[in-house]
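Reading through the structure tokens given below for one structure.
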């Protein structure tokens with residue numbers, strides 16, 4: 001009989017979990033649809049690159065939507081059982097909350113394990129693959145990242161302004177370049193036309209300018225040089241972080257190696273430590289959110305699917321706000337970078353334990369003596 005009830009509870013949780021996971025992931029992913037539509041209609045990127053970029057993005061999105069959907073799924077399932085008096089029937093049959101907790105624990109551990117795989121392997125792989133895909137796309141169509149009449153700062157220590165991007169790949173008109181890659185010899189370049197392309201021989205992007213002017217100056221006053229040209233080639237560095245992976249693209253082992261090589265207390269060291277512990281704190285947070293969802297779903301004050309959905313979303317939102325604020329405090333040296341990512345987990349573990357204690361005592365989650373009226377200013381008349 002317990003095995004039948006356990007399977008029944010798992011099925012009750014899986015139905016809202018799958019629906020909310022698809023809904024949340026679709027909503028979050030829809031923010032990228034405008035960019036994808038622009039790339040297809042305006043820039044002409046192939047369908048294969050679009051599909052690959054979407055696949056690489058999903059592991060990162062699931063890191064957040066999976067715990068959110070698991071929390072909402074448990075709340076909605078237990079809320080329906082409570083409203084339909086099925087939970088009362090289980091208790092009448094002699095099944096306590098602890099007896100009913102085992103399938104929920106299995107589901108929670110599964111959600112936490114999947115989140116751990118996503119944070120340690122899926123998301124870094126997806127972001128690194130996205131970076132490589134963008135590099136390959138830009139090599140084929142070097143003008144993809146350029147916008148007309150916009151100051152482009154994607155290249156290291158170089159600002160590029162293009163008045164018009166031609167319909168043909170790489171053709172530019174009305175070009176202004178501020179090149180500060182050599183601090184001792186900065187230069188400003190104006191050109192009527194230009195073409196940006198990838199040069200395999202140099203292994204980098206090259207901006208070929210025609211009919212223009214180069215103005216060079218140095219730190220000493222009065223040092224100024226002006227050169228007119230008919231043709232001028234300017235090498236470009238594809239990414240500002242080229243040559244070094246970002247923290248989110250690094251594997252777990254690469255993060256550990258980077259922490260050993262960096263100077264303790266440096267900005268790079270703090271970012272590596274925070275990123276490593278974030279990947280462990282998020283799966284733990286997914287497990288704690290699932291445990292917190294049980295008393296929330298069993299609360300008699302929660303009625304209706306809409307209200308259950310609001311409670312689940314609000315719970316995850318509070319967790320994410322605390323989680324984000326904690327690791328930002330680590331960057332400002334207000335918290336230990338190794339402990340900061342776990343601040344939200346500690347807070348929610350305490351709240352979950354308190355709610356479970358009141359649930360086992362058959363008491364409301366919020367004491368009845370608490371009232372919003374007590375928080376009103378003195379002299380306020382209702």
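The values are calculated or read from the model by the stated rules, or taken from the named source; none is laboratory data. In this text the structure is predicted, and so the values were computed from the model without any measurement. Quick reminder, even Gly has a Cβ in these numbers, built from the backbone with ideal geometry, and neighbours come from all protein chains shown.
Of all the residues in the stretch 224-274, those that are closer than 23 Å to residue 331 by Cβ, modelled with pLDDT of 85 or more and not in a helix (DSSP H, G or I) number 6.
Test residue 309 against the criterion of being in contact with a helix residue (DSSP H, G or I) (Cβ under 8 Å, 6 or more places away or on another chain), surrounded by 12 or more Cβ atoms within 10 Å (Cβ to Cβ), at pLDDT below 85 and within 30 Å of residue 97 (Cα to Cα), and give yes or no. Answer is yes for this residue. Annotation: of all residues in the stretch 167-195 being more than 18 Å from residue 230 (Cβ to Cβ), surrounded by 14 or more Cβ atoms within 10 Å (Cβ to Cβ) and modelled with pLDDT under 80, the one that is farthest from the chain's Cα centre (by Cα) is 185.
Candidates in the stretch 73-89 are the residues that are over 38 Å from the mean Cα position of the chain (by Cα) and in a helix (DSSP H, G or I); of these, the one that is surrounded by the most Cβ atoms within 10 Å (Cβ to Cβ) is 86. When residues in the stretch 90-121 are screened for being within 35 Å of the chain's Cα centre (by Cα) and surrounded by 17 or more Cβ atoms within 10 Å (Cβ to Cβ), 13 of them pass.
Scanning the stretch 196-210 for residues that are surrounded by 16 or more Cβ atoms within 10 Å (Cβ to Cβ) and modelled with pLDDT of 85 or more gives 208, 209. Residue 96 meets each of the listed conditions (1) modelled with pLDDT under 80; (2) within 26 Å of residue 147 (Cα to Cα) apart from (2).
Looking at the stretch 275-288, can you tell me whether even one residue there is out of contact with any helix residue (DSSP H, G or I) (no Cβ under 7 Å at 6 or more places or on another chain), touching a residue at least 12 places away in the same chain (Cβ under 8 Å) and either in a helix (DSSP H, G or I) or closer than 30 Å to residue 87 by Cβ (or both)? Checking the stretch 275-288: at least one residue is out of contact with any helix residue (DSSP H, G or I) (no Cβ under 7 Å at 6 or more places or on another chain), touching a residue at least 12 places away in the same chain (Cβ under 8 Å) and either in a helix (DSSP H, G or I) or closer than 30 Å to residue 87 by Cβ (or both). The single condition among (1) more than 22 Å from residue 256 (Cα to Cα); (2) modelled with pLDDT of 90 or more; (3) crowded, with 21+ Cβ neighbours inside 10 Å that residue 341 does not satisfy is (1). Among the residues making up the stretch 152-166, those that are modelled with pLDDT of 75 or more and more than 19 Å from residue 210 (Cα to Cα) are 152, 157.
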